[in-house]
Amino acid sequence: MIHDVAEAPRLTESASAVFAVLAEAGSATRPQLASLAGLSKPTVSSAVAELESARLAAHSGTASGGTGRSAAVYGLGPAAGAVLAVDLGPALTRVRGCALDGTLLAQAAGTRKDAADVVREALAALPADAPLRTVVVAVGDVTAREKEGARMRPATAKAGPVFDAMAVALPPGVPVHLENNVNCAALAELHEGAARGRRTFGYLRIGVGIGLGIVVGGQVLRGANGAAGELARLPYPWDDGREPRHEALEEYIGARSLLRRAAEAWRDEDGPCPSTAEQLFALAGEGRAAARGVVGRHAADVGRLAAAVTAVLDPGLIVLGGSTGADPQVLPGVRAELARLSWPTEVVSSTVGDLGTVVGAARLAVSRGVQTVTEAVGAKD
């Protein structure tokens, strides 16, 4: 199914403001919209009429007031459109389609190599008359532009072919925005997870790779090059007679080295050596001494990395995520090592899990989708 990539109608400033608060609220009466937008009731009535005419808002019911009177309730109209969020993960591709008020309209998942088919499945589930406003793709590296005017692509070549294949499935002309996957997960923790209610924190992801999502004042800190939080680039090792190697810290803390250390520590009497991190943590949970020793060492290493993050950012809160970082067996060791090396900092495990990246990407896509409508402003009121 081909979705239109419709240009948003040019709105007055008041209609743009009302649309933004309606998207945030989901549904509201005119008096509520006036309060939320800080506009007079006559101005809001005019703005709502303008949005209804453009099919950007629609009457969705009635609500009873305290005086017994009923008031019309409005929601977004069919022309408001939809957005798409794609988590182009190392093994799986997850896709969510949402309305501009955040309502989930479609979702699909599949292998990384089938990313294009997963995107097509999600697009087919969206309302046929909903224009696609924007797409946010979460990738594991910072973004770069091949040449002026070209579509954004992942900066490293390893993601390029999969991204290009996925992009073919998108309607021509749709704006595509790339975002670091750890930043997306940090947004999910901020709004729906372990950092809800906290405006400053660090989201530390530990898995096959490592990364840091930095949230300051409720906003993700991206840095001058979009590379803030790229912990893999920290110089390591840093010792006399040893030269730091490119991304050596990620190699040391990542899941592959964790399994290598397990193989080195394993003895015949310990039984079969785990071949995956999941097996290692399961054995540690059963109390196997060898597995517990490896997991304990991993927790201490993550705690030292958390201490480095704390020394630079003083975030007050660190949320541990990722395939190994979020395991509850890691949490006590991280807390102990961080307490030993730095000042008091709260450490908690992620609560959004594997869906965090696509959930955060969807939230970002909704925000950008609303912008495509509200920035199409015509003459002033």
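The values are calculated or read from the model by the stated rules, or taken from the named source; none is laboratory data. Nothing here was measured: the structure is a model prediction, and the numbers come from that model. As a convention, Cβ positions derive from the backbone with ideal geometry for all residues, glycine included, and neighbour counts pool all protein chains shown.
Being surrounded by fewer than 16 Cβ atoms within 10 Å (Cβ to Cβ), in contact with a helix residue (DSSP H, G or I) (Cβ under 9 Å, 6 or more places away or on another chain), basic (Lys, Arg) and over 25 Å from Asp314 (Cβ atoms): is that true of Arg267 here?
Details: surrounded by fewer than 16 Cβ atoms within 10 Å (Cβ to Cβ): yes; in contact with a helix residue (DSSP H, G or I) (Cβ under 9 Å, 6 or more places away or on another chain): yes; basic (Lys, Arg): yes; over 25 Å from Asp314 (Cβ atoms): yes.
For Arg267, the condition - surrounded by fewer than 16 Cβ atoms within 10 Å (Cβ to Cβ), in contact with a helix residue (DSSP H, G or I) (Cβ under 9 Å, 6 or more places away or on another chain), basic (Lys, Arg) and over 25 Å from Asp314 (Cβ atoms) - is met.
Being buried (at least 19 other Cβ atoms within 10 Å of the Cβ) and over 15 Å from the mean Cα position of the chain (by Cα) is the filter here; which residues of segment 84-99 pass it?
Within segment 84-99, just Ala99 meets the criteria.
Within segment 226-261, which residues are assigned to a loop (DSSP other than H, G, I, E, B), among the aliphatic types (A, V, I, L, M) and under 21 Å from the mean Cα position of the chain (by Cα)? Step through it out loud before you land on a result.
So the first thing to find is which residues in segment 226-261 are assigned to a loop (DSSP other than H, G, I, E, B), and the list is 226-230, 234-238, 240-241, 243-247, 254.
Pick out the ones that are also among the aliphatic types (A, V, I, L, M) and you get 227-228, 234.
Correct list: Ala227, Ala228.
Can you give me the number of residues within segment 40-83 that are at positive phi and surrounded by fewer than 15 Cβ atoms within 10 Å (Cβ to Cβ)?
So the count comes out to 3.
Would you mind stating whether Pro332 is modelled with pLDDT under 95, more than 22 Å from the chain's Cα centre (by Cα) and assigned by TED's automatic domain parsing to the domain that holds Arg260?
Considered against the rule, which asks whether it is modelled with pLDDT under 95, more than 22 Å from the chain's Cα centre (by Cα) and assigned by TED's automatic domain parsing to the domain that holds Arg260, Pro332 comes out as no.
This table checks each residue for (1) out of contact with any Asp or Glu (no Cβ under 9 Å at 6 or more places or on another chain); (2) in a helix (DSSP H, G or I); (3) in contact (Cβ under 8 Å) with a residue 40 or more places away in the chain.
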{"position": "Ser275", "(1), (2), (3)": "yes, no, no"}
{"position": "Leu283", "(1), (2), (3)": "no, yes, no"}
{"position": "Val295", "(1), (2), (3)": "no, yes, no"}
{"position": "Val302", "(1), (2), (3)": "no, yes, yes"}
{"position": "Ala308", "(1), (2), (3)": "yes, yes, yes"}
